[in-house]
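The values are calculated or read from the model by the stated rules, or taken from the named source; none is laboratory data. This one's a predicted model, so the numbers in the text were calculated from it and none came from an experiment. Cβ sites come from the backbone with ideal geometry, for glycine too, and all protein chains shown count toward neighbours. Quick note on the areas: whole protein, heavy atoms, side chains included, nothing else; ligands and nucleic acids left out. Shrake-Rupley method; radii C 1.70, N 1.55, O 1.52, S 1.80 Å.
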Amino acid sequence: MGKYYVTIGLEMHCEVSETKSKVFSSAKNEYTETPNSNIRPLDMGFPGTLPVVNKEAVRMSLMMSEILNCRQPEYMYFERKNYYYPDMPKNYQITQNPPEDCVGMNGYIDIEREDGSTFRVGINNIHLEEDAASMDHLYDTSVIDYNRAGVPLLELVTEPCIHSAEDAVSFLEYIRAIYQYCGISEADSKKGQIRCDVNVSISDDENTLGTKVEMKNVNSFGGVFGAIQYEIKRQSELKDADRYDEVEQETRRWDEESGTTIRMRSKVDAEDYKYFVEPNIPKFKITKEWLEEIRKSIPELPYERKAKYMSEYGLSAYDAGILIKDINTANYFEKCISLGSDAKMAANWITGNILGYTYKHEIEIQDLYLTPERLNVIISSIQDGKISSKQAKELFFMVLEREDEPENIMKSEGMQQISDDGAIVSVVTEVLDENSEQIEQYKNGKTNMFDYFVGQVMKKTRGQANPVKVKETLTNELSKR
Amino acid sequence: MKYMGLSITELHEKLKNGEVTSEELVKESLELSHDAQEKCNAFVTILDDTKGGEVTDDLLSGIPFGVKDNYSTKGVLSTGSSNTLNDYVPFFDATAYDNLKKRGAIMVNKAAGDEFGLGGTGTTAHTGVQRNPWNTDHMCAGSSSGSAAAVAAGVYPYALGSDTGDSIRKPAGFCGIVGYKPTYGMISRYGLFPFASSLDHCGVLTRYVRDAAIVVDAMKGIDELDMTSWDSSHIHLNDDLTDDVKGKKLFYIKELCDLDNYPNADEELTAHLNNFHETLKKCESLGMTVDGVHIDQALIRAIPSVYQVISCAEATSNLSNLTGLIFGPRGEGDNYIEMMKDHRTKGFSPLIKRRLIIGSYVLQTENQERYFKNAQRARRLIVDAIKEQFKNYDAMISPVGTGPAKLIDGSKEMLKDDTLALEDQLQIGNFGGFPSITIPNGFVSNLPVGINITGNCYEDQLVLNIAYALESAMEYKGQIAKEVK
């Protein structure tokens, strides 16, 4: 592995989840566990029904097209892709058919790696279409849920210009973040809102092209990473063994369980979809004014926030990069800032304990009991010297476990850092009075006795004394003796 | 027959002054429906339980009418005259029908026609052949054959039809009545079972031009369920109907309408074209001018093929929702593919299967450029050539078909090549989405023949006015079929 030049192309399907209704029907566009509850006659292909384009879905698509530096069409129209399959009751899908005009053509986007370097991904096209129904194949039956049929779907197709599994995932993560930041989609792969097709080929160098193998319907970024790694290995081993002719232009699927890809069909018998322009949707002009209006409404994008976190709050590229990956994390962070939390402390808490906790417990940061308000109580308690950082960490977990206010827990647990001068002086005096021998040794030059005194004070206060204050007072009191 | 032979305005007046009730009209219409069913096999469903309705100031209130069975009607069997939907009862109404229902119009039956509108003969409905009420040995033409037969037989003053090639205007001609399809998008197609979406039109068959204006006034309107519909609220076809057509300029296509193009013309074609030219003289007597113009012969000859390619291609896709899995009778088989095949094999008539195969063929990647894309280009050229004429003329006038209705038993004879374009030229109206109306203009071989007026898009009023004036200048206005056999 590693000796061949790897070329990867991606097709990323993302459901547009944030429109009120579906892309061509008035059924609700809403994720629900109740099958076949969000459907209108069109979604089941009843005779005489007609598609009506959802303008909001078109607006969101054009925004994505602009963000990806694509060319937008002068006129918008759709095409029929004809095929028989039970997940598509009309037996044609209304879609767009690049290189015919679609919402976005010939764009690019620059992606930042974790190490700070960047790479550019060419966007062949992005087009708007309707999703199919979802199917479950049981032992001897298949069940169909038409809730998903007609949900707007954006398909983004990159040029074959990515050269590692890591870069592929960085790209996908960033595009997902854009969908979320722009309020276009939750882009939640657990809800099946993101599906990827991955093309992988290997060659001796960048001037030659290998045989392209496609993996269909990879449903997670982890899967994309695994599928690419596996394919590079599989193809490389065949090439190493002089059996590269066994690498076929074919469609495979990623098998999560075995961590391998499995052949589905050869590309040679690809279906003829008999595309033609959808006659029920008149071509409509995309005006410059509308495009400009959409451009102006593009919200702050992830990399813009990242740059801001670095320049304004002095965060490292690494930390800022983690914060912006998910809009909810970024929003959580910004809420902390607006509440007055120290930016670096907030960032450390989020990238460390909080994301660790949400990952471990599989919950969303916005659903966490520990809201930015509660985190802010913890952070300011540290800053005010009320609690030590060790106490803070204990408090953090107690808040999450007990679902109680941090103030209450601090009270009930007696978590109070002793910073009161009088109290500390009296404990210090007590310790010094009990250790006259040790004072003697200290005075005779055994300066490490100082730490011993600190330890004794902390022991007496069960760790609640403010160590800075303790040291100050000790120095002071020792000098008097 | 007491009332159903009257016009909508006459019926409305009698309903308003209490001379007759809606209940009585419905009863009469239902009785006549059964007569027409026996004689012409005009209907898929006769709604015997229909009650009379309230009579309001709306001209259509309380008056019975018929609906072609390819309109979706809530709670009423809607088969499209196809076995693939022989048990389908929709749960929503077509917009055009709903618009009439809201005005108090009363549907009494669902009329048969060629399967899903794909046919010009009225011989392919799953319920059998529709017969011409003037002579039951002859066909009605199609596809709105049942609607045309019923209106011609005097079952009611009007019935809804659909028109993809000439499916309202040809049967109107063969049955001696009025058939009008307005500009594309004036009437919403929502709920009309699609045949070829870019060519499909809703429309109406009546016995009076004014009735056509009244009904389309009611059916039309922008519909949020049909993106191709447009706002016509400023158009009032009935209110603005006038027979003052002095100075209007008509043209006809010499390559199609002059007898000397057809050296082998039979008696009927000769009589039909002579009659057409007689009608042109009537137009002139009304103060209009009529010119014969030349249109590129190649374009004219391309009309039937262009229609065949585009309509079949769109139909292949439009009808692919008919699988028997979600609606329609389920096919048999071990898996969904077999079930679907069984449903479609049993459900479709041979004619439709042939067209679906043509449609599939012309859309295949390797054929698409040569057939489908070229047909679309030719369609554009034909429309442009006609629109060029509309710069100088108000409307085009043409004979309907090559003569009167053909014999049902002779329908399998191939049409003669040199008259094919004449037979199919009303398809120009579908290519361009032009408003187009057929009215009766005489008899050939004791059977009615018709003449057609077609205008530029959105010129519906003008087209209707010309037809209205011409109708009044001839003696066929409001005629009801008198069986000649």
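Here are a few things to note about the model shown:
- Size-normalised alpha-carbon gyration radius of segment A:421-480, reference 2.2 N^0.38 Å: 1.00
- Cα gyration tensor shape for segment B:202-342, rounded if a/c is under 1.5, else prolate or oblate: oblate
- With every protein chain in place, chain A: carbon and sulfur % of accessible area (1.4 Å): 47
- Antiparallel bridge percentage (DSSP; both residues within chain A; nearest 5): 95
- Counting only aspartates and glutamates at least 8 places from residue A:274 when in the same chain, those with an alpha carbon closer than 13 Å to its own are A:79, B:314, B:366, B:369.
- For the pair segment A:443-479 and segment B:178-213, the centres of their Cα atoms are 98 angstrom apart.
- Nonpolar atom fraction for chain B, defined as the carbon and sulfur part of the 1.4 Å probe accessible area, stands at 48 percent.
- Within segment A:59-88, chymotrypsin sites (Phe, Trp or Tyr not before Pro) in DSSP loop having at most 14 other beta-carbon neighbours inside 10 Å: A:83, A:84
- When peptides A:380-391, A:5-16 are ranked by their average number of other Cβ atoms within 10 Å per residue, the highest-first order is A:5-16, A:380-391.
- At most 15 other Cβ within 10 Å, DSSP loop - trypsin sites (Lys or Arg not before Pro), segment A:1-66: A:3, A:20
- Measuring nothing but how far apart in sequence close Cα pairs (under 8 Å, 6+ apart) lie, relative to its length, segment A:300-412 scores a relative contact order of 20 percent.
- DSSP-loop GluC sites (Glu not before Pro) across segment B:1-95, with at most 14 other Cβ within 10 angstrom: B:19, B:54
- Remark on the protein assembly as shown: Rg and Dmax equal 38.6, 141 Å (Cα only).
- For segment A:41-93, taking Cα atoms only, Rg and Dmax work out to 14.3, 40 Å respectively.
- Here chain A is described by how far its Cα atoms reach on the three principal axes: 97, 56, 52 Å, from widest to narrowest.
- The packing ranking, built from the mean of other Cβ atoms within 10 Å per residue, places the peptides B:320-330, A:362-372, A:136-146 in the order B:320-330, A:362-372, A:136-146, highest first.
- Set of lysines near residue B:387 by C-alpha distance (under 17 Å), chain-local residues within fewer than 8 positions excluded: B:248, B:249, B:254
- Judged by the ratio a/c of the largest to the smallest principal axis of the C-alpha gyration tensor, segment B:405-484 counts as oblate, that ratio being 1.5 or greater while a/b is no larger than b/c.
- For chain B, the fraction of alpha-carbon pairs lying more than 32 Å apart is 34 percent, rounded to a whole number.
- Gyration tensor verdict on segment B:270-404 (Cα atoms; rounded if a/c is under 1.5, prolate if a/b is larger than b/c, oblate otherwise): prolate
- Shielding by partners for peptide B:326-336, expressed as the average number of C-beta atoms from other protein chains within 10 Å of each residue's C-beta, is 2.
- Working note: 222 nm ellipticity from helices only, DSSP H runs with n ≥ 4, each -39,500 (n - 2.57), summed and divided by the residues of chain A, gives -12000 deg cm²/dmol to the nearest 500.
- In the context of the full set of protein chains, segment A:300-412 has a per residue accessible area of 49 Å² (1.4 Å probe).
- Peptide-level mean, for B:314-320, of C-beta atoms on other protein chains within 10 Å: 5
- Extending 7 Å from Cα along the Cβ direction at residue B:233 and again at residue A:380 yields two label points whose distance is 5.7 nm.
- Ordering of B:43-50, B:134-141 by burial proxy (mean other Cβ atoms within 10 Å per residue, highest first): B:134-141, B:43-50
- Per residue accessible area of chain B, 1.4 Å probe, in Å²: 36
- Exposure ranking of A:252, B:103 by accessible area [1.4 Å probe, largest first]: B:103, A:252
- Contact order for chain A, expressed relative to its length and based on alpha carbon pairs under 8 Å spaced 6+ residues apart, stands at 14 percent.
- Modelled label positions at residue A:426 and residue B:285, each set 7 Å beyond Cα in the direction of Cβ, lie 12.8 nm from each other.
- Applying the Kirkwood pairwise sum to the alpha-carbon positions of segment A:300-412 produces a hydrodynamic radius of 14.2 angstrom.
- Length-normalised contact order for chain B - Cα pairs under 8 Å, 6+ apart - percent: 18
- Taken residue by residue and averaged, Cβ atoms of other chains lying within 10 Å of the Cβ of A:272-285 number 5.
- Both chains summed, the buried accessible area for A and B stands near 2700 Å², from protein heavy atoms and a 1.4 Å probe.
- Among the helices of chain A, those built from whole DSSP H runs whose Cα atoms reach 15 Å or more along their own axis and whose mean Kyte-Doolittle hydropathy is at least -0.5 are A:55-67, A:165-181, A:221-240, A:327-338, A:372-383, A:389-402, A:421-434, A:449-460.
- Among the helices of chain B, those built from whole DSSP H runs whose Cα atoms reach 18 Å or more along their own axis and whose mean Kyte-Doolittle hydropathy is at least 0.0 are B:297-318, B:350-363, B:460-473.
- The modelled label-to-label distance for the pair residue A:114/residue B:357, using points 7 Å beyond Cα in the direction of Cβ, is 6.1 nm.
- In summary, the lysines within cross-link reach of residue A:306, defined as a Cα separation below 30 angstrom excluding same-chain residues under 8 places away, comprise A:190, A:191, A:296, A:325, A:335, A:344, A:360, A:390, A:393.
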